[in-house]
1. Considering the chain as a Gaussian network with a 10 Å cut-off on Cα pairs, which listed residue, T42, T170, T231, attains the greatest mean-square fluctuation?
2. Relative to the first principal axis of the alpha-carbon coordinates of the chain, what is the inclination of helix 315-326, with its axis defined by its Cα atoms, in degrees from 0 to 90 and to the nearest 10?
3. About the Cα centre of the range 32-116, how large is the charge dipole given +1 on each Lys and Arg Cβ and -1 on each Asp and Glu Cβ? Please answer in debye to the nearest 20.
4. Using just the helices of the chain, give the 222 nm mean residue ellipticity in deg cm²/dmol: DSSP H runs with n ≥ 4 each add -39,500 (n - 2.57), and the total is spread over all residues, rounded to 500.
5. Reachable aspartates and glutamates from K160, Cα under 16 Å, same-chain residues fewer than 8 places away excluded?
6. Could you name the aspartates and glutamates in cross-link range of K20, using Cα to Cα under 16 Å and dropping any fewer than eight places away on the same chain?
7. ³J(HN,Hα) across the range 101-112 via Karplus (A = 6.51, B = -1.76, C = 1.60, θ = phi - 60°), whole Hz, x for Gly/Pro?
8. Just to confirm a number: summing +1 for Lys and Arg and -1 for Asp and Glu over residues other than L341 whose beta-carbon lies under 12 angstrom from that of L341, what do you get?
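What follows draws every value from the coordinates through simple rules; no lab data is involved. Only a predicted model underlies this, so the values are computations on that prediction, with no experimental measurement involved. Reconstructed Cβ throughout: ideal geometry from the backbone, glycine too, with neighbour counts over all protein chains shown.
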Amino acid sequence: MTKDGTTAPAQDYHAAYQAKLAEAIRALTDAARLPRPRLRRTEDGHWVEDTLASPDQTDWAEFVTLALAGAAANLGGIDAILNGRSGSWEAEGVRQLLFSTVGADEAQLWEHRTEPLEITLYVDELVADRAYEAVEQYDAAEAEINRRVDVAAADSGIDKERYLWAYDRTESGDFVPRDPQAPAWSWDAWRAGLAPGNPADLNAALEESLRTGVGLFSGRHDVTSAYIAKTPELGAKYDRLVAEHEDRVASIAKLEEQLQLQRMREWTAYGEALKARIETMAAAAPGLTVPVNVTVDVETYRMDATRREGFWNSLESRLVDAAVLDTPTPADLPGTPLERLEQQ
């Protein structure tokens with residue numbers, strides 16, 4: 001019964017179990033009824049079908065044993081297929097039967113496999129589980145980039161009042177110049193200094209913000225100052241310096257995007273190295289002739305509830321574990337992630 005009191009999932013399982021059991025009984029029964037032709041030896045020593053003799057009963061025990069071996073191989077091993085209740089007497093009986101057929105070391109098991117070997121390498125999970133130092137290195141690199149952005153954004157190095165007249169807004173909404181030599185506040189002069197590419201609705205919003213004292217983006221009463229270019233030439237120079245500063249900040253901020261692209265490249269390279277190692281080891285597995293399909297997934301990080309891996313001692317998991325032990329991880333790359341990025 002489920003947490004909400006329903007029994008549908010258990011009923012579904014029971015129905016599926018009974019259907020599979022009936023299917024298996026039919027297959028085993030049909031196999032037992034399958035007639036096996038008798039053979040006779042000819043005078044020249046060859047074996048041919050004896051069409052005059054009654055057929056033998058098929059070797060049903062061999063059929064059952066081969067079927068069990070094939071299913072165990074498809075599931076990834078004897079322990080994997082018996083994991084549902086590995087300590088039961090039934091499991092022990094099947095285990096001993098399989099041991100007698102393929103060996104306790106499963107040396108002859110894989111020749112019975114009929115399904116392709118399917119392995120998905122969730123690289124982000126593997127790095128987090130097996131080489132968390134690489135994750136920490138990238139976290140540190142991202143923090144350093146953010147620190148650089150904050151420092152660059154906070155200090156433009158531009159003396160604003162060298163190029164612009166500064167005016168402070170009073171409670172009544174008037175603007176008073178800080179420099180006695182500055183001309184009186186002029187809305188026309190202020191509008192003339194707006195960026196030519198500004199949309200009209202943005203300019204209108206900026207002016208409304210200055211008139212009311214309500215911040216355009218913050219929504220608070222924090223608009224306390226305004227600026228007008230001292231001369232068109234000084235205004236243009238100020239705009240150029242601001243643009244250059246913004247470009248510098250943007251170039252630093254862009255490092256974060258480039259850092260993530262580099263991480264994806266390094267994660268992908270690690271996944272491809274694991275894939276090559278798994279394929280090499282699978283090719284060396286005695287008797288394994290089915291296709292080996294290894295998929296590298298560098299983006300998916302599944303939550304615990306969705307991380308349903310095969311049995312830990314299956315062929316698939318053993319291949320992955322061995323490949324991880326043999327393959328350098330992104331944490332083994334020279335330098336820090338940021339140093340590698342900047343060297344490019």
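1. Judging by the Gaussian network model, the answer is T42.
2. 50 degrees
3. 240 debye
4. On the way: 12 runs with 185 residues, N = 344.
Computed mean residue ellipticity for the chain: -17500 deg cm²/dmol.
5. Output for K160: D168, D179, E233, D239, E244, E246.
6. Of all the aspartates and glutamates, those that pass the test against K20 - Cα under 16 Å, at least 8 places apart if same chain - are D12, D30.
7. 8, 10, x, 5, 8, 6, 4, 10, 6, 5, 5, 8
8. On the way: positive: K254, R263, R265, R340; negative: E142, E144, E256, E257, E266, E339, E342.
For residues surrounding L341, the net value is -3.
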